[in-house]
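Structure record follows, encoded as structure tokens.
None of the figures in this text is laboratory data; all of them are computed from the coordinates on show. Here the structure is a predicted model, which is why all the values come from computation and not from measurement. So basically every Cβ, Gly included, is an ideal-geometry build from the backbone, and we count neighbours across all protein chains shown.
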Amino acid sequence: MFVEQTDHTYRNITALKHGIYRDCLFIQCNFSGQTFANYEFVDCEFKECNLSNLKTDNASFKTVLFSGCKLIGIDFSGINSFLLKLNFEDCNLNLSSFYELNLSKTRFTRCEIQEVDFTECNLTETAFDDSSLSLSIFDRTNLSHSDLTSARDFEIDPRKNNIKKARFTRENIAGLVMGFGIIIS
């Protein structure tokens, strides 16, 4: 059954009917392991939801905010990239993949982003505010004009990634030279 739902709040649910959701709010829902293949979310917010291991093939996320959510182990690389706009606040995105996605102007605020694959992503003008990027993969990634001033635990090889006009601080710049064997005192 296909539904089209507008301006609705969902609380503590564990499944959604296949469809299009506009201006909807999802609070403390557990969609862990569910399939959102071919679902569409427009101007929606997920608050304190568990979406770990979610299947997202061809799902559309157009201006969607995830706040306080668990998004562990999600392969976002197969989502529909048309009008894609995501933002994350206080989320756990560990072990997820954004391979080859255009995430330009995305905000990651106070997020755990450990062992996440950003290979060949467009992260121009993206902000990683107070977020941990431990063991995340940046390979042929465009980070130009991005803000990593409050990011931590990252390793980004400037020879393999575009970091032109990206912002860093003296405190976290060590993440740019680790691959060179340089010792910073």
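Each of (1) 59, 26, 23; (2) 90, 31, 25; (3) 62, 35, 32 is a candidate for Cα extents along the principal axes in Å; the one calculated from this structure is (1). Restricting to DSSP H runs of at least four residues, report the calculated mean residue ellipticity at 222 nm for the chain, -39500 (n - 2.57) per run over all residues, nearest 500 deg cm²/dmol. Rounded to the nearest 500, it is -500 deg cm²/dmol.
Peptide packing: for 107-118, 83-94, the average count of neighbouring Cβ atoms within 10 Å per residue gives the ranking 107-118, 83-94, highest mean first. For the stretch 72-143, the relative contact order works out to 28 percent when only alpha carbon pairs closer than 8 Å and six or more residues apart are counted. Between residue 164 and residue 134, the C-beta separation translates, for a Förster distance of 25 Å, into a calculated FRET efficiency of about 0.55.
Distances over 21 Å make up what percent of all Cα-Cα pairs in the stretch 66-127? Within the stretch 66-127, distances greater than 21 Å cover 10 percent of Cα pairs. Evaluating kT/(6 pi eta Rh) at 37 °C and 0.692 mPa s, with the Kirkwood radius of the stretch 1-67 over Cα pairs in the Stokes-Einstein relation, gives 282 µm² s⁻¹. Taking label positions 7 Å along the Cα-Cβ direction at both residue 147 and residue 171, the computed distance is 1.6 nm, reported to one decimal. Listed cross-link partners 85/160; 105/165; 17/55; 17/62; 85/164 are compared with a 20 Å cut-off, the Cα-Cα value being larger for 85/160; 85/164.
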